[in-house]
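Reviewing the structure listed below.
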Amino acid sequence: MSVGTGGAHSALRARDARGTSAPLHDDTAEAGPGLGIDPDDLPDGIVVADEHGRVVCFNAAAARITAVPAAEALGRRLEAALPLEDLEGRRWWQLTDPYGGLAIRNGQPERNLLLPGGREILVSARYVRTHPTGPVRRVVVCLRDTEARRRTERSHAELIATVAHELRSPLTSVKGFTATLLAKWERFTDDQKKLMLETVDADANRVTRLIAELLDISRIDSGRLEVRRQPVDIGAAVGRHIQAYVASGQPADRFLLRIEQPLPALWADPDKVDQVLSNLIENAVRHGEGTVTIDVAPSTSPRERPDEEGTANAVTSVTVSDEGTGIPEESMNRVFTRFWRGSKRGGTGLGLYIVKGIVEAHGGTITVGRAPGGGAEFRFTLPVATPAYLL
């Protein structure tokens with residue numbers, strides 16, 4: 001079997017049944033320079049059978065995935081060394097018949113198959129022929145564990161369940177109030193109608209926020225989150241959020257804003273910065289206790305040294321902390337994952353995941369730790385360099 005790039009061919013070495021190494025060459029391959037590859041260095045499971053259907057290569061990943069030692073598989077018939085079944089219980093090698101089937105086939109696409117005991121793996125196969133319709137000289141099988149894909153599928157299922165749950169309550173409320181108003185409009189006073197319509201408006205806003213979160217997650221996961229940079233006064237932005245909380249009934253002395261001057265000019269997406277601040281301050285207000293402290297200060301990136309002028313890697317640092325019980329040490333590494341809600345229920349658990357995605361889309365960093373007052377402390381940084389298209 002040849003492995004290479006362009007016209008270069010290289011031998012893939014495999015252990016024979018005696019444990020010695022023997023190169024597997026494709027007799028039709030032209031000789032040329034190349035890099036020899038040990039099958040055990042490959043991340044996927046590789047099983048190779050010769051023209052007689054006997055296993056001549058069974059790498060370390062294949063042994064790990066199938067739980068079959070390589071020494072037991074080498075030299076055996078392919079269907080015995082790798083007894084696969086499809087999801088309907090049919091013997092896979094009898095069903096596909098790689099050596100005796102149609103001469104125009106060149107392999108099998110990736111699909112889910114079962115090992116003895118019911119363990120599910122992903123399997124694809126390539127039939128190597130001397131010429132397009134000649135006999136099969138070699139069958140190369142690729143094996144992959146399904147655990148990573150299952151985690152992704154579980155994450156998607158959890159997202160769908162969360163969205164369905166979060167949508168059900170406001171939509172039920174909207175439907176109930178609108179149906180009641182339409183059916184019995186004349187029976188209600190103006191104050192009652194206003195209260196119902198305000199409830200409908202609040203629930204509609206809740207649905208709108210959830211849809212916006214879903215769109216943000218989709219863009220973050222696909223790497224398509226756009227950042228439209230403009231000059232941003234981060235201190236004024238924090239002040240607006242504090243004023244909104246005070247106007248809604250929070251005591252003014254619960255918030256402490258400290259701004260270290262002078263702050264460098266910050267270029268960022270103002271809407272997305274507001275989204276980050278909203279999430280972090282709301283978390284501190286809802287889940288924390290005591291004073292919510294917001295510190296805004298100039299800083300430098302810890303990942304690089306400053307340039308000669310000290311501005312190339314300048315950042316603006318924003319720290320939001322409270323005086324509550326904080327986040328348990330064992331949960332620190334899960335704070336920015338999907339559906340993390342901490343010790344209290346409520347919300348979708350998507351806010352901090354989105355915050356991390358927004359900060360990183362700006363080229364910044366975000367961390368979580370324990371505040372001096374004992375509560376949670378979130379700190380994020382945003383680079384302040386002027387966008388290249390303005391230079």
query: Right, R224: modelled with pLDDT under 90 and basic (K, R) or not?
result: yes
Subset tally (residues that are in a loop (DSSP other than H, G, I, E, B) and in contact with a strand residue (DSSP E or B) (Cβ under 6 Å, 6 or more places away or on another chain)) for region 346-374: 4
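Let's see how each residue does on (1) over 29 Å from the mean Cα position of the chain (by Cα); (2) open to solvent by less than 90 Å² (accessible area, probe 1.4 Å):
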{"position": "T189", "(1), (2)": "yes, yes"}
{"position": "K194", "(1), (2)": "yes, no"}
{"position": "E198", "(1), (2)": "yes, no"}
{"position": "A202", "(1), (2)": "yes, yes"}
{"position": "R228", "(1), (2)": "no, no"}
{"position": "A236", "(1), (2)": "yes, yes"}
- prompt: Would a scan of region 208-217 turn up a residue that is touching a residue at least 12 places away in the same chain (Cβ under 8 Å), open to solvent by 40 Å² or more (accessible area, probe 1.4 Å) and under 25 Å from the mean Cα position of the chain (by Cα)?
  reply: yes
task: Report whether or not V174 is assigned to a strand (DSSP E or B) and open to solvent by less than 70 Å² (accessible area, probe 1.4 Å).
output: no
- request: Please work out if R119 is over 23 Å from the mean Cα position of the chain (by Cα) and surrounded by 15 or more Cβ atoms within 10 Å (Cβ to Cβ).
  value: no
query: Does G290 meet the test of being part of a loop (DSSP other than H, G, I, E, B) and either among the aromatic types (F, W, Y) or closer than 28 Å to P328 by Cβ (or both)?
result: yes
message: Looking for something charged (D, E, K, R) and modelled with pLDDT under 85 - is there at least one such residue anywhere in region 281-289?
response: no
message: Can you say whether R111 is open to solvent by 20 Å² or more (accessible area, probe 1.4 Å), among the charged types (D, E, K, R), farther than 21 Å from N59 by Cα and at pLDDT 85 or above, as far as the supplied structure shows?
response: no
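The values are calculated or read from the model by the stated rules, or taken from the named source; none is laboratory data. Model, not experiment: these values are computed from the prediction. Note that we place each Cβ from the backbone using ideal geometry, even for glycine, and neighbour counts take in every protein chain shown. Each accessible area value is taken on the protein alone, full model and side chains, heavy atoms only, with ligands, DNA and RNA left out. Shrake-Rupley method; radii C 1.70, N 1.55, O 1.52, S 1.80 Å.
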